[in-house]
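The block underneath contains the structure these notes are about, expressed in structure tokens.
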DNA sequence: TGACTAACGTTAGTGCCACAAACGAAACTA
DNA sequence: TAGTTTCGTTTGTGGCACTAACGTTAGTCA
């Protein structure tokens with residue numbers, strides 16, 4: 001074997017069953033899977049979030065996009081830069097409020113979004129392989145309740161990945 | 001309100017229900033809670049993992065500890081340093097194999113572990129507040145299956161937190 | 001016995017991510 | 001008009017998972 005002196009891993013049950021630890025490990029695997037999947041298409045998790053928000057709610061300022069995606073203002077700048085460089089999005093000054101930029105989804109961006117959705121769905125499938133459809137939905141609901149509960153107030157609405 | 005121009009957050013459902021994203025956000029909250037809780041006692045998530053492994057399986061080499069805790073070899077060095085500085089653990093060369101160090105839990109370390117367990121339990125409780133006992137157990141089982149499934153083979157066994 | 005291979009602990013460094021701080025410009029507000 | 005707030009932006013920080021490399025020590029086996 002590669003490491004220790006005994007047989008299997010022998011991770012203590014107190015560690016194995018610790019919810020926060022399980023969340024961390026599952027999240028690590030999840031982020032790796034989606035990063036790899038989207039990376040093959042030269043995309044990033046945040047790209048998908050921004051494109052989805054734009055398709056869902058139409059053109060928006062960067063501040064509004066930050067709200068809808070959870071991407072931090074200071075990180076969103078680079079994301080829009082990259083999307084604009086790929087012509088998936090257009091950044092134009094807002095004539096009605098010259099502090100703002102209006103970000104608009106291009107037709108190319110919409111087609112791109114379709115592709116990213118496929119890649120992302122595949123990654124979710126791979127992530128949730130060991131779970132049945134009912135279990136997947138249950139997991140999603142349980143996680144959703146936790147996230148929603150802690151989202152109110154805390155400094156973190158997290159620009160977490162996909 | 002603090003940001004955008006419309007009412008609530010209005011996060012698209014496609015983002016809100018994405019399992020990998022939910023995992024990431026839940027994990028972020030979880031890590032923050034346990035880091036804060038343990039931080040109040042001048043401790044770190046990894047400290048707990050190492051102490052638990054030592055109590056569970058007795059004295060061990062750093063390599064064995066790395067296996068049992070999931071903490072990377074290169075990070076474990078600093079963890080043992082800190083635990084040894086607090087006299088919660090003793091690091092001694094292994095007479096039978098001079099490449100190895102034998103890490104031993106001290107009585108003080110064992111008492112410390114009791115305290116950290118309390119803090120950690122409280123943090124888990126806070127994290128899982130919106131869930132019933134049955135739901136907590138279900139979440140743990142579902143996450144455990146995912147983690148176990150992806151743990152076999154991948155480069156990541158993750159030195160994830162608690 | 002000696003050469004090779006592998007495991008050990010350790011150091012240093014990488015890339016990603018969530019986030020804070022501060023700034024000029026523009027817009028509201030009193 | 002003065003003061004405050006929002007906007008986009010730049011810069012920096014701390015934590016985490018992980019890789020690479022190195023000297024030391026142990027096994028392997030020609």
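Quick note: the coordinates plus some simple rules give every number you see, no bench work behind them. Values in this document were obtained by computation on a predicted structure and should not be read as measured data. Quick reminder, even Gly has a Cβ in these numbers, built from the backbone with ideal geometry, and neighbours come from all protein chains shown.
Key figures
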quantity	calculated
Odd one out for residue B:75, checked against (1) more than 12 Å from chain A (Cβ to nearest Cβ); (2) within 12 Å of DNA strand D (Cβ to nearest atom); (3) free of Cβ contacts under 8 Å to residues at least 40 places away in the same chain	(3)
Options B:10, B:64: the member that is within 10 Å of chain A (Cβ to nearest Cβ), part of a loop (DSSP other than H, G, I, E, B) and free of Cβ contacts under 8 Å to residues at least 24 places away in the same chain	B:10
In the range B:88-138, the residues that are assigned to a strand (DSSP E or B), within 14 Å of chain A (Cβ to nearest Cβ) and either within 30 Å of residue A:150 (Cβ to Cβ) or within 16 Å of DNA strand D (Cβ to nearest atom) (or both)	B:101, B:102
Residues that are more than 9 Å from DNA strand C (Cβ to nearest atom) and either part of a loop (DSSP other than H, G, I, E, B) or surrounded by fewer than 17 Cβ atoms within 10 Å (Cβ to Cβ) (or both), drawn from the range B:67-81	B:70, B:71
Conditions (1) away from DNA strand C (no atom under 16 Å from the Cβ); (2) without any contact (Cβ under 8 Å) to a residue 40 or more places away in the chain; (3) buried (at least 21 other Cβ atoms within 10 Å of the Cβ); number of the one not met by residue A:85	(3)
Tally, over the range B:34-61, of residues that are in a helix (DSSP H, G or I) and surrounded by fewer than 22 Cβ atoms within 10 Å (Cβ to Cβ)	6
